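The values are calculated or read from the model by the stated rules, or taken from the named source; none is laboratory data. What you see is a predicted model; the values in this text were computed from it and never measured. Here the Cβ positions follow ideal geometry from the backbone for every residue, glycine too, while neighbour counts run over all protein chains shown. All accessible areas refer to the heavy atoms of the entire protein, side chains included, with ligands and DNA or RNA removed. Shrake-Rupley method; radii C 1.70, N 1.55, O 1.52, S 1.80 Å.
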Amino acid sequence: MDCIYLDNAATSWPKPREVITAMKDYQENLGASPGRSGHRLAIEAGRTVLDARIALAELFNAPSPLDIIFTKNATEALNISTLGLLRAGDHVITSSMEHNSIMRPLRFLETRGVEVTVARCSPEGELDPEDIRPLIKNNTRAIYLTHASNVSGTIMPVERAGAIAREHGILFCVDAAQTAGAIPIDVERMNIDLLAFTGHKSLFGPSGTGGLYLRKGLDREIDPLIMGGTGSRSEFEDQPDFMPDKFESGTPNTIGIAGLLAGVRFVMGSGIEAIEERERGLAFSFIQGISSFEGVTVYGPAAAVKRIPVVSFNINGMSPSDAALFFDEKYNIMTRPGLHCAPSAHRTMGTFPIGTNRMSFGFFNSDADVRTAIEAVGELHDYKNQ
Amino acid sequence: MSLMARDYSFLLFKSVSHALSAEIILKRHEIPFKLIPVPKQISSDCGVCIRFSPVDNERITGALSCAVDIDRVVSAGCDTIFS
């Protein structure tokens, strides 16, 4: 039996054929290091990297492709956005639904004199953006908000939070790990100053790809975490002070970026609204299917439009890890049990420390996958209720 | 053909990303140019630059103005090329 992959929130799989082809083509026919050397293969590699910036800038409505830097994942992008930006005495606001990719750097910075306020969300993971307003202080430097929870699937009120940040002259950083490629993002309309994204989830790139959009001029306020060779200004020992080189030292993951470019083009060619509709339909069918089982609790908002296709649930009295093993061995369904690197989100939902079962649907899942997943949950539910 | 022929001018950029951004714009405008490694006589940078005919100087700077940051223009016959 073929496996049913329902762990797309961890990384998407399978990838579009174009992604594999692009990576193979790069390795077989190009292989050179971009930004170095100046021979035709190096220049062509540079064009690949620039094309990826252009595609991402178009996807996010960023003013310039050079406003985007590549990182190895969203976590690195969020570390630049926090460790590189914040100083002792700064105050920041975040939500209780955040992933540890933002919580851990912020908790570290707390030990270095940065003040962190966590806005409480509802058990469904929803944040009332007006709850942010009274938390703003004179020294509030930035608001850090996930675009959608990797646990409950809840879409956060990014546009309204961005408007509040702009109104108060505060920087607004969005973690788009779960949403880039899955739902539309417009950094201008949403007032986003920093957008951290990963390449290997809904953008369909390989692991090891990600990036950060920085609003023009903001790069001057942020220190790079890594310094070294960039292929530019080689006569100087000082780190370049311009985008994107300031934040891109060392040989980049060009083969990964070639794959990411193909992934972004796949998203744009398929239409992000079509992807969103397809994935939302799968998730909603699944939720409807398992909600009828007594003793099965589904977390997150009830309305389909308020969530991404990430579904957390529990089967009364059964540990998520036992359930995940059953799904894997009996039904060949790949899921992720536990806390999903987001203990604060689970505390908010009331599922800490046990966690939840998480099934996350992707563009390549079928209606039959959903039916099998419902059947699998149903069998466990029957077993628990015998 | 010598890369250092007196009748060429050169556009230097902060980085290869900028040079390749300029390349896209110049191709769109159908202005002839060549992307080459930065001649060591001009700069010790290890990147690439754009070599072009001085007759296209105005068209090139016009096409790139406000679109790409140009670090330096080295005009044809400039002493730095031949020193």
### Task
Could you please find all residues in region A:9-63 being within 30 Å of A:VAL151 (Cα to Cα) and among the basic types (Lys, Arg)?
A:LYS15, A:ARG17, A:ARG53
### Query
Which condition breaks for A:THR21 when tested against (1) within 14 Å of another protein chain (Cβ to nearest Cβ); (2) open to solvent by 20 Å² or more (accessible area, probe 1.4 Å); (3) over 15 Å from A:LEU212 (Cβ atoms)?
(1)
### Task
Identify all residues within region B:45-62 that are modelled with pLDDT of 90 or more and more than 16 Å from B:LYS34 (Cα to Cα); write none if there are none.
B:GLU58, B:GLY62
#### Entry: Residue that is nearest to the chain's Cα centre (by Cα) [pool: residues in region A:216-252 that are in a loop (DSSP other than H, G, I, E, B), under 24 Å from B:ALA19 (Cβ atoms) and among the charged types (D, E, K, R)]
A:GLU248
### Task
Please indicate, with yes or no, whether at least one residue in region A:282-289 is closer than 17 Å to A:THR71 by Cα and surrounded by fewer than 22 Cβ atoms within 10 Å (Cβ to Cβ).
no
### Task
Could you identify the single residue in A:THR230, A:THR198, A:THR209, A:THR179 that is among the β-branched types (Val, Ile, Thr), within 14 Å of chain B (Cβ to nearest Cβ) and either closer than 28 Å to A:TYR26 by Cα or touching a strand residue (DSSP E or B) at 6+ places or on another chain (Cβ under 6 Å) (or both)?
A:THR230
### Task
Tell me, please, whether a residue that is hydrophobic (A, V, I, L, M, F, W, C) and closer than 29 Å to A:ASN253 by Cβ can be found in region A:128-145.
yes
### Query
Out of all the residues in region A:228-246, which are open to solvent by 20 Å² or more (accessible area, probe 1.4 Å), under 15 Å from A:PHE70 (Cβ atoms) and acidic (Asp, Glu)?
none
### Subset of region A:55-95 (residues that are within 14 Å of chain B (Cβ to nearest Cβ) and open to solvent by 60 Å² or more (accessible area, probe 1.4 Å))
A:GLU58, A:PRO63
